[in-house]
2 protein chains.
Amino acid sequence: MLAVTILGNNSALPMHERHPTAQVVTDGERLFLVDCGEGTQIQMIRYKIRRSRIGHIFISHLHGDHYYGLIGLLNSYNLSGRTEPLHLYAPPELQPILDLQMEAAASDFAFPLHFHPLAEAGILFQDTRITVSAFRVRHGIPCWGFLFREQAKPRKVDPDKAFEAGVPPEFFPSLKAGEDFIDSSGHRIANELLTRPGPRARSYAYCADTLYHEPIAYHVQGVDLVYHEATYLDDQRQKAAARHHSTALQAARIARLAGAGRLLLGHFSSRYEELDVFREEASAEFPQVEVCREGATYLAG
Amino acid sequence: MLAVTILGNNSALPMHERHPTAQVVTDGERLFLVDCGEGTQIQMIRYKIRRSRIGHIFISHLHGDHYYGLIGLLNSYNLSGRTEPLHLYAPPELQPILDLQMEAAASDFAFPLHFHPLAEAGILFQDTRITVSAFRVRHGIPCWGFLFREQAKPRKVDPDKAFEAGVPPEFFPSLKAGEDFIDSSGHRIANELLTRPGPRARSYAYCADTLYHEPIAYHVQGVDLVYHEATYLDDQRQKAAARHHSTALQAARIARLAGAGRLLLGHFSSRYEELDVFREEASAEFPQVEVCREGATYLAG
């Protein structure tokens with residue numbers, strides 16, 4: 001299972017009871033925080049996100065509405081006695097800001113905080129369950145998107161075919177791991193004849209603040225669920241471009257070019273009180289589209 | 001009129017739907033912001049505080065729960081097109097933090113931001129209506145309290161006595177300004193015989209995070225309304241001392257020593273869900289006591 005919970009769906013100026021950007025991605029076990037606007041820790045309490053289960057935080061860029069809540073969250077980890085390590089992936093300029101803030105408070109992090117400066121595209125984190133990688137998007141300052149991909153799941157043994165070929169159950173783990181089977185007469189039976197594909201690995205892409213930029217569609221090609229910012233509607237596309245943002249229609253084009261399964265829109269300008277218009281505009285170009293709602297969880301695939 | 005509206009009454013770890021410290025003091029016309037914990041701008045929206053009317057911000061010290069919301073508020077001023085100057089009074093270490101944050105965003109303040117580093121006790125701001133001064137409190141890092149005092153109000157003309165003495169109405173402004181009156185026969189009539197004292201000037205003191213420290217009572221002597229932190233109840237006074245905080249009982253002692261009119265308690269530890277116990281404990285020592293409630297406004301005098 002791969003899913004994302006929205007904690008903030010608004011752009012920088014908080015309004016209409018919407019909050020600046022923050023999302024929690026889960027692989028079913030662990031939590032990954034993506035961006036951390038002001039008030040994120042309060043939103044976590046409201047939506048019952050167990051912040052202690054977050055081990056990795058990804059900050060797309062250093063506009064305040066994407067990270068002003070981080071120092072408060074780190075401070076709360078300190079106060080609540082966190083000892084588990086925390087991995088922080090962010091533009092390098094964040095480190096001296098955090099350092100100065102801790103120094104001004106005559107304080108320090110009481111848990112291991114590993115700062116990974118974002119410098120080039122590629123894999124940031126990988127384990128047996130998931131790979132997280134970064135790709136560039138185009139904003140006024142260096143800005144990153146993040147792609148979460150479940151690892152390929154092991155194939156499943158087909159019990160009927162395995163029985164027929166005389167595979168002993170103790171060989172099942174080897175079948176799952178991809179080995180062929182040599183039967184009693186010395187014949188090799190190809191693994192694919194005895195197994196079925198495992199559940200499909202899911203993927204989620206977070207396309208942070210960006211201009212309409214078609215290379216993004218290449219980075220997130222075939223993703224199950226793509227979040228793309230849609231600060232404005234398309235009648236404001238000149239303002240969007242001037243501010244290095246996208247429109248709902250442009251987000252839909254990226255989703256279509258990427259062959260994505262489903263599109264999530266967010267980062268709405270405070271000028272819009274109603275959000276359905278974003279979905280309406282995008283759906284003409286890409287029908288599988290939803291508007292991010294704070295507190296809602298969206299499954300990838 | 002001098003009054004304070006509470007936007008956050010909790011200590012650092014947000015809980016029980018309580019927020020970190022922020023207060024808005026008003027002299028009836030302008031707004032002064034005192035401390036600015038994370039989420040203050042959201043609380044301002046919730047409680048319909050017109051943030052554009054804030055011209056002066058006072059930050060007591062650089063523990064995060066007293067200033068992490070400041071950069072977001074300043075950023076929102078930028079986004080909403082503020083042009084009026086803003087005066088910021090804070091420990092000097094705040095300036096490079098703000099500078100780095102603006103630099104990382106490739107941004108700058110679009111309005112005049114005057115940074116006044118807090119260095120010594122005394123008057124910070126003064127005009128015809130109010131004086132704001134700073135005094136030291138005792139915390140783990142440099143920390144300041146703030147005293148808001150209305151200017152003495154002009155005396156009021158006593159119409160009966162003025163008529164009796166033959167004072168012409170065009171002389172009333174001079175009477176209000178304190179002049180004596182010379183009557184037609186050349187006699188000087190003392191101002192005090194023709195006027196009554198004006199309304200009493202009110203005062204409010206904000207005693208930020210501090211140990212129990214009796215000199216504070218001298219700084220706020222005779223104040224109408226005193227806010228004093230009360231992070232713990234008195235059975236936790238050792239923990240309070242170790243963390244440079246006070247108990248409700250200690251806050252009450254300061255209010256009594258100061259001869260204050262009324263005491264407000266705040267900055268409650270997240271370990272307490274119910275707050276009435278703070279009032280109960282303090283009232284044994286100082287009966288005119290209230291517990292800060294978020295969104296509530298308290299009048300000085």
Original post:
What number of residues within the range B:234-261 satisfy the criterion of being among the hydrophobic types (A, V, I, L, M, F, W, C) and in contact with a Ser or Thr (Cβ under 6 Å, 6 or more places away or on another chain)?
Top reply: 1
**OP:** Please go through the range A:1-23 and pick out each residue that is within 14 Å of another protein chain (Cβ to nearest Cβ), within 13 Å of the chain's Cα centre (by Cα) and among the hydroxyl-bearing types (Ser, Thr, Tyr).
**Re:** A:THR21
**OP:** Can you tell me which residue among B:ILE49, B:ILE57 is touching a Cys at 6+ places or on another chain (Cβ under 8 Å), hydrophobic (A, V, I, L, M, F, W, C) and either more than 12 Å from chain A (Cβ to nearest Cβ) or part of a loop (DSSP other than H, G, I, E, B) (or both)?
**Re:** B:ILE57
Subject >> So B:LEU33, is it at pLDDT 95 or above and facing another protein chain (nearest Cβ under 10 Å) >> reply: no
Subject >> In the range A:179-206, the residues that are exposed (fewer than 14 other Cβ atoms within 10 Å of the Cβ) and within 30 Å of A:ALA121 (Cβ to Cβ) >> reply: A:PRO197, A:GLY198, A:PRO199, A:ARG200
Original post:
Among the residues of the range A:9-22, is there at least one that is closer than 25 Å to A:SER203 by Cα and assigned to a strand (DSSP E or B)?
Top reply: yes
**OP:** Select from the range A:120-146 the residues that are part of a loop (DSSP other than H, G, I, E, B), more than 14 Å from A:ALA205 (Cβ to Cβ) and not basic (Lys, Arg) and list them in ascending order.
**Re:** A:GLU120, A:ASP127, A:THR128, A:HIS139, A:GLY140, A:ILE141, A:PRO142
**OP:** Kindly indicate which of B:THR83, B:THR40, B:THR26 is of a type in the set (Val, Ile, Thr), more than 30 Å from B:ALA152 (Cα to Cα) and away from chain A (no Cβ under 13 Å).
**Re:** B:THR83
**OP:** Within the range B:86-119, track down each residue that is crowded, with 17+ Cβ neighbours inside 10 Å, more than 10 Å from chain A (Cβ to nearest Cβ) and in a loop (DSSP other than H, G, I, E, B).
**Re:** B:LEU118
Original post:
With respect to B:GLY81, is the statement that it is small (Gly, Ala, Ser), assigned to a loop (DSSP other than H, G, I, E, B) and touching a residue at least 12 places away in the same chain (Cβ under 8 Å) true?
Top reply: yes
**OP:** Identify all residues within the range A:284-301 that are in a loop (DSSP other than H, G, I, E, B), acidic (Asp, Glu) and touching a strand residue (DSSP E or B) at 6+ places or on another chain (Cβ under 9 Å); write none if there are none.
**Re:** A:GLU294
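The values are calculated or read from the model by the stated rules, or taken from the named source; none is laboratory data. Computed from a predicted model, the values in this text were never measured in an experiment. With ideal geometry, Cβ positions are generated from the backbone for all residues, glycine too; neighbour counts draw on all protein chains shown.
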